[in-house]
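Have a look at the structure below, then the notes.
Each value in this text was obtained by applying a stated rule to the coordinates, not by laboratory testing. Computed from a prediction, not measured in an experiment: that's the story for all the values here. Every residue, glycine as well, gets a Cβ built from its backbone with ideal geometry; the counts of neighbours run over all protein chains shown.
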Amino acid sequence: MATIVTISSSPSSTSRTDAVLSHVTRRLVARGHEITQVVLRDLPAEPLLRGDARDWQIAAAVQLLESADAVVVATPVYKAAYAGLLKVFLDLLPQYALRGKQVLPLATGGTLAHVLAVDYALRPVLTSLGATHVAQGWFVLADHVRLFEGGGVLFDPAASGPLHDVTDEFLRTLDGRAPAAARSLAQAVDPLEVKAIVVSPDDPAAAPLLTDLPVEYGTRYGGRSANVSLTEVPSCDFEKVNGGALVLLTDAGETVAGGAIRRLDSETAEIKRVWTSNRHRRRGLGRRVLVELERIAADRGYRRLCLTTGPRQPEAVGLYLSTGYTPHFDLEADPETIGLLPFTKDLVAVPFSGHESGSGPDAQAPRSHLSTIQVTAVAREPHRRVDGTRSAVAS
């Protein structure tokens, strides 16, 4: 476990820079690292501008940096360079304050004209302060960050994907692992090579799903909210003995997607924790997860599936609508005014002679072609208005 200091240099208490930094911080915490925050706007202005490192608050911030294993620096870009707050803070640091440390630089700005600010303005300063390694970092366009009142942020895929990648590489460096092998888009996922396996929630292969989902919900909904409860059910609900199942999709040994069902009653199962790795989104894996879950549910005699997603998950809403799930809410209303968004789908099982695939040595090899999934889903016409019913289950 590393001790990491994060530096926020935004002058605003509600900013896209802080939203980006908060998301990256959640991922670092989820991996077990200890985080300490330094918020430059909270330091006393007069000694900061005078470069007075004797002020106790500034001295404490400098000491935190000196004792850290790694540093994450987040800054807005205004005039083709990093923020003035960050400039005056870096100027008062000892000459080699970052010696022996890994550093991840992050930046936000209103135009792509500032995209090179990280490499041409900030990186040389961090290097001159003795950083052992300055990671690639990333510039996030302001239009790709949507802030919600009361907390929470939604990133455009153009921002969330690269942020995930640079944070992953930073984590790999911290852990002393080799950089991830580059894979072209064509190589990333071969549908014919993706395998579906049913595992126990404590299987190590399930760790990426169970770790990333709370991070994503926390980012989108700002920590504790009714919508974060979407992930809060006992993992034992997904065990076969309790009528549940946890399905993972793997590609060359990497867990790339997954989802689960849990028993509600003898005829109804609830879909939970549908997830796709950020590196492999927009490639049809979520649809494949649903097909696998529907097959298992029908195999076990369930006649109906229900699920609930949150108002800040437009990708999930699109997935469920496109795969025949019936919405029980007003599709034309602002999701923020509704809250949890319930869906249902009726299933008709077709006799199936095989068995669920597992992860043990005696498990049958999983099927990898969608054409082999023997389940027919019967969905009603989508409702355009609330039909008077509402799921009692908050997924």
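Give the calculated FRET efficiency between V39 and E254 to the nearest 0.05, with a Förster radius of 35 Å applied to their Cβ-Cβ distance.
Numbers: r = 36 Å, r/R0 = 1.04.
The formula returns an efficiency of 0.45 here.
Once R0 is set to 35 Å, what does the formula 1/(1 + (r/R0)^6) return for the Cβ-Cβ distance between K240 and D175, expressed as a FRET efficiency to the nearest 0.05?
Values: r = 33 Å, r/R0 = 0.95.
The computed FRET efficiency comes out at 0.55.
For the peptides 141-153, 10-22, what is the packing order when you average, over each peptide's residues, the other Cβ atoms within 10 Å and list the highest mean first? Spell out each step's value before the answer.
On the way: 141-153: 15.8, 10-22: 19.8.
Highest-to-lowest ranking by the protection proxy: 10-22, 141-153.
Tell me, what is the FRET efficiency for L116 and L49 to the nearest 0.05, using R0 = 45 angstrom and their Cβ-Cβ distance as r? Please report the intermediate quantities before stating the final value.
On the way: r = 27 Å, r/R0 = 0.61.
Approximately 0.95, to the nearest 0.05.
Around I7, what is the net charge, scoring Lys/Arg as +1 and Asp/Glu as -1 over all other residues with Cβ under 14 Å from its Cβ?
On the way: positive: R41, K87, K101; negative: D18, D42, E66, D91.
Charge balance in the 14 Å sphere: -1.
Just the projected area, averaged over all directions, of the convex hull on the alpha carbon atoms of the stretch 1-157: how many nm²?
Working: hull surface 36.3 nm².
For the stretch 1-157, averaging the hull's shadow over all directions gives 9.1 nm².
Show the residues, 5+ positions off or on another chain, whose built amide H is closer than 5 Å to the amide H of T108.
T75, V77, V140
Subtract the Cα-Cα distance of S13 and S128 from 0.36 nm times their separation in residues, and report this length gain in nm to one decimal.
On the way: separation 115, 0.36 × 115 = 41.40 nm, distance 2.92 nm.
So the extension gain works out to 38.5 nm.
If you build the convex hull over the alpha carbons only and average its shadow over all orientations, what do you get for the stretch 281-349? Give it in nm² to one decimal.
4.7
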